[in-house]
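Just so it is clear, none of the values below were taken in a lab; they were calculated from the coordinates. Note that the structure is predicted; figures quoted are calculated from it, not measured. For neighbour counting, all protein chains shown are included, and Cβ atoms are generated from backbone atoms with ideal geometry for every residue, glycine included.
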Amino acid sequence: MDPALILVALVVVAAIGTPLWFVLRGRSESRRRARRTAFAQRVGGVEHHHDSGTRPRYGHFPEPDYISGAPFYYALEFTRHGHPVVASESRVRHGPDRPMRYRGIVQLPVRLPAGAPPLEIGSHLPSVWEHTAKTKVDPVADLPGADQGLRARCSDETFARQVVTPTLAAIVTAHKRHGHLPRIVLEHGTIRTWVGGRLAGDDVLRAADLLVEIAQALPQQRSLS
């Protein structure tokens, strides 16, 4: 076949396909917004968009939206079993050679001791370098739930052992899916977990219920040193 004809065909396909892709993408995003608004109404929630000028009453957003620089791309705050909850998603990109993707988190406020270090609970947590303290943080060994793969990482081992009680470990291991435990982080007066990419109603409620269970199982602040 004539290379010139092939080039012309490619140009025509690109000319037609590119606008069509944007149209379909716009329709998909419109449907997503409609589903989210319906879900927000169902749970009595308040929606926030990165360009709306509003934000939830509380929340720690560790990964700001890559494109807008706002704390999030979309957020929804609502109440679940008497606990305030914030679900949010951001567009993130780690490195110039990595594609942009969406990351969703669900969080709720908890009472933690002043100055408590970040505590991460999950599966297969490697050692990390803590740049602020300039020390290596290793996983805490022999915690409740270790036989189910539960690990915790914290610069204060005593604090980690006070938080990860047998009751809390049982809650986390009960939510094991596809061989992995949910990733839980306690820091800045919040407890959060990840829900994959784009937020979806069932995933948000499942994560919120898990966090509520954990929050109710946390030792009282006065008992934590």
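Taking neighbour counts of Cβ atoms within 10 Å as a proxy for exposure, in what order, fewest first, do VAL92, VAL85 appear?
VAL92, VAL85
With unit charges on the beta carbons (Lys and Arg positive, Asp and Glu negative) and the dipole taken about the Cα centre of the range 69-166, which residue among ALA141, ALA152, PRO99 sits farthest to the positive side?
With unit charges placed on the Cβ atoms, the residue in question is PRO99.
Highest mean first, how do 95-105, 162-172 rank when packing is the count of other Cβ atoms within 10 Å averaged over residues?
Most protected by this proxy first, the peptides run 162-172, 95-105.
Using a Förster distance of 35 angstrom, determine the FRET efficiency expected from the C-beta separation of SER123 and TYR58, and round it to 0.05.
Numbers: r = 28 Å, r/R0 = 0.80.
In this case the efficiency is close to 0.80.
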